[in-house]
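Structure first, then comments.
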């Protein structure tokens, strides 16, 4: 499925590595009462990791689906995802395994079928 912005979506221009640095993102998320962010993109070991770190520093929970992040090398990408998991306590579950509680927007892993 492709993600396409709608006219109700917000846009924040990001001049540097983190989506929070020198942008209006923090103010926007605070005004919307956001407590959890989903971070994806290219340069997983830079932009994704730095944005996830800044979200963590602001007390937000972070989801970085491992199949939605890419870096120049697999090793760099894996190292960034490990940092997000271990240091930032983020969730790196692949996107196809995430489901969201419609009331809270909280991602939860689907239950495994009983054997």
Take every DSSP beta bridge with both residues inside the chain and express the antiparallel ones as a percent of the total, to the nearest 5.
25 percent
Which whole-number percentage describes the relative contact order of the chain, with Cα contacts under 8 Å and a sequence gap of 6 or more?
19 percent
Virtual spin-label span in nm between residue 24 and residue 42, 7 Å along Cα→Cβ:
2.7 nm
Answer label, with log10 I(q)/I(0) by the Debye sum over Cα atoms at q = 0.16, 0.24 Å⁻¹ calculated from the coordinates and candidates (1) -0.79, -1.54; (2) -0.71, -1.52; (3) -0.81, -1.32
(1)
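Between residue 97 and residue 4, what FRET efficiency follows from the Cβ-Cβ distance if R0 is 30 Å, with the result rounded to 0.05?
Values: r = 23 Å, r/R0 = 0.76.
E between residue 97 and residue 4, to the nearest 0.05, is 0.85.
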FRET efficiency estimate (nearest 0.05) - Cβ-Cβ, residue 33 to residue 87, R0 25 angstrom
0.45
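Any read-out appearing in this document is the output of simple, stated calculations on the displayed coordinates, not a laboratory observation. Predicted, not measured: the structure shown is a model, and the values here were computed from it. Virtual Cβ from ideal backbone geometry, glycine too; neighbours counted across all protein chains shown.
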